[in-house]
Amino acid sequence: MFRNLPGLPYNLEVINDDHPARRPTRYHWAAGTNPLHWGGALLGWAATLGSGLSATFAPETSFLTPLLAAATLCWSGIWLLVMPINPRFKRAVDAQLLDRFENDFGYQVAALSDRIDQDLYGKVMDIKRLRDRAREILKGKFGEHDVFAKDNLEKLDKLAISFLQLLVALSEYDEYLSLVDPESIKHELEAARTAANVDDETLRDVRQRQVELLNNRLTRYQRASARLALLQAQCRNVETTMKLLIDQAMTAPDAQRVSRDIDEVLSNIRESETLTQELATYDDLERELDDIHGRELENHRR
């Protein structure tokens, strides 16, 4: 199944959202194949069968057979009807699938496409075409069984997946920056600094923390702007590397040489991921400061 998205300025061909590990039935499959389910079900039906056989020689125990069968059916019913709609179970299943298909490009396209801004879907299709073309050339020239050739195909998918992750980060940063008005923060900061000039020490401390919070917001905006520029540059690097790989795959004498540019760009992307994690930590700090400020302001009012 492929999703067509109307109203876009280009012809979006296909974004696969029907990866087997992304279908809604994945929770039922996970529940049905869980060892706790089928192990318990096997024991239940074995006990039911044993009870039925023993009832032949001991009729007074015949009532156990339907009870065991009903209990076994209830056990399977819990797993097949209740567990697939349990939020905790669904989160656990998705976490396991994400770990299992971490380097599966098709799975990542399906998993990440909803988090990518529609204006960037053209780039999703571009990287998919470049990745498919590069794989076709590499497999045709070096095969899949050579150690270095196989490694290159895996690195190629990691590179394409990293590009998708960069697009997700780009979407999130762009959304944040579009919602924040730095000039408004500056005006609020100026007003807060003026309001902090009071004689009441307790009130001054509370208002000074408001100044610190606004300073943090402004710093966060500036850092986010810098990160956005870095992510945009990294996306261009990945696209250029993909195109270079296609050229190199046609001329490289061995599979070993093809991986150099992939390694370099992947290293740069890991640096971007570290910076993004730093900002996430900063977000947590700001939320904590926000909570502290709210509690202190409420205490002062009392």
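Derivation of every value follows stated rules applied to the coordinates shown; laboratory data play no part. Since the structure is predicted, the reported quantities are computational estimates derived from the model, not experimental observations. No Cβ is skipped: glycine too gets one built from the backbone with ideal geometry, and neighbour counts run over all protein chains shown.
Listing for the model above:
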| quantity | calculated |
| --- | --- |
| For region 201-208, 3J(HN,Hα) per residue [Karplus equation, 6.51 cos²θ - 1.76 cosθ + 1.60, θ = phi - 60°, Hz, x = Gly/Pro] | 5, 5, 5, 5, 5, 5, 5, 5 |
| Neighbour-count order for Thr72, Thr241, fewest beta carbons within 10 angstrom listed first | Thr72, Thr241 |
| Efficiency of FRET between Glu264 and Gln96 - r from beta-carbon atoms, R0 35 angstrom, step 0.05 | 0.60 |
| Links that overshoot a 21 Å alpha carbon limit, given the list Lys141/Lys243; Lys155/Lys243; Lys90/Lys123; Lys90/Lys128 | Lys90/Lys123; Lys90/Lys128 |
| Per-pair calculated FRET efficiency, R0 = 30 Å: Glu239 and Ser184 via Cβ, rounded to 0.05 | 0.25 |
| Equivalent ellipsoid, region 99-172 (semi-axes from 5 times Cα gyration tensor eigenvalues, Å) | 25, 13, 8 |
| Chain lengthening between His145 and Arg115 when straightened (0.36 nm per residue, less Cα-Cα) | 7.3 nm |
| Sequence-distant residues sharing a close amide H with Asp117 (under 5 Å, placed H) | Ser171 |
| Relative compactness, region 20-98, computed as alpha-carbon Rg over 2.2 N^0.38 Å | 1.41 |
